[in-house]
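A short worksheet on the structure shown next.
Please treat every number below as a calculation from the coordinates, not as lab data. It should be emphasised that the depicted structure is a prediction, and the values quoted were computed from it without experimental measurement. Virtual Cβ from ideal backbone geometry, glycine too; neighbours counted across all protein chains shown.
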Amino acid sequence: MKKAIYAGSFDPVTLGHLDIIERASRLFDCLVVAVLENPNKNSLFTVEERKHHLELVTKHLENVEVASFRGLLADFAGAIGADVAVRGLRNAVDFAAEYQMYLINRKLGKEIETIFLAADEEHLALSSTNAKEVAVFGGNIDFMVPQEIKPYIIEKYQK
Ligand code: PNS
């Protein structure tokens, strides 16, 4: 069985992430979407909230599981038996950073392969950071995040 991991912060999950998840789920028998628990990062949503959002938006995908992890991606991938890491690429800036991450992950875990999926052109300007930036000023985020999680984002900024 081919198992892949798509790791990230997902703070919050965007339509770009969801597109990569849907496409990767068609390429592998099982796709684990894994939220990084990073205590050093100031996140809008807790890890549990982010997992809940991912579960909501992937419930139509039978071979997708949602998890969280601490530490190294290569270690977590090894622990769950995933041999492929999926990453999305929007542009050359992403590529430079992702290529470094690929090289490091190869050193850390020889068994792990990385597959890059090019972002759809509709999602080239999307990021969790941009979505938060627009939401904090009450802008329209319909084209940035899945509809199901929009209320959670608005609620955070109303507090
Ligand atoms: O949502 P992001 O910020 O693009 O996700 C980045 C992530 C979580 C995939 C990456 O930071 C990661 O794998 N972190 C775990 C620590 C690790 O394994 N680092 C080694 C590569 S430098």
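Scanning segment 100-114 for residues that are of a type outside the set (Val, Ile, Thr) and either near the ligand (Cβ under 10 Å from one of its atoms) or touching a strand residue (DSSP E or B) at 6+ places or on another chain (Cβ under 9 Å) (or both) gives Gln100, Met101, Tyr102, Leu103, Asn105, Arg106, Lys107, Leu108, Gly109, Glu113. All of (1) more than 14 Å from the ligand (Cβ to nearest atom); (2) surrounded by fewer than 18 Cβ atoms within 10 Å (Cβ to Cβ); (3) over 13 Å from the mean Cα position of the chain (by Cα) hold for Phe28 with one exception: (2). The single condition among (1) part of a strand (DSSP E or B); (2) among the hydrophobic types (A, V, I, L, M, F, W, C); (3) away from the ligand (no atom under 12 Å from the Cβ); (4) touching a Phe, Trp or Tyr at 6+ places or on another chain (Cβ under 8 Å) that Val66 does not satisfy is (4).
Scanning segment 1-48 for residues that are in a helix (DSSP H, G or I), over 21 Å from Asn130 (Cα atoms) and touching a residue at least 24 places away in the same chain (Cβ under 8 Å) yields a count of 5. Only one entry of Val145, Val136 meets the criterion of being among the β-branched types (Val, Ile, Thr) and under 17 Å from the mean Cα position of the chain (by Cα), and that entry is Val145.
Scan (1) among the hydroxyl-bearing types (Ser, Thr, Tyr); (2) surrounded by 13 or more Cβ atoms within 10 Å (Cβ to Cβ); (3) part of a helix (DSSP H, G or I) for the single condition Thr114 breaks and write down its number. Single failed check for Thr114: (3). Number of residues in segment 72-98 that are within 12 Å of the ligand (Cβ to nearest atom), over 12 Å from Val33 (Cα atoms) and outside any helix (DSSP H, G or I): the value is 4. Pairs are defined by a Cβ separation below 7 Å, a sequence spacing of at least 6 or placement on different chains, a first member in segment 137-157 that is free of Cβ contacts under 8 Å to residues at least 60 places away in the same chain, and a second member that is surrounded by fewer than 17 Cβ atoms within 10 Å (Cβ to Cβ); the pairs so defined are Ile141/Val134; Tyr157/Val136.
Looking at segment 120-152 only, could you name the residues that are in a loop (DSSP other than H, G, I, E, B) and aliphatic (A, V, I, L, M)?
If we filter segment 120-152 for residues that are in a loop (DSSP other than H, G, I, E, B), which is where we start, we get 120, 124-127, 137-146.
Passing the criteria: Leu124, Ala125, Leu126, Ile141, Met144, Val145.
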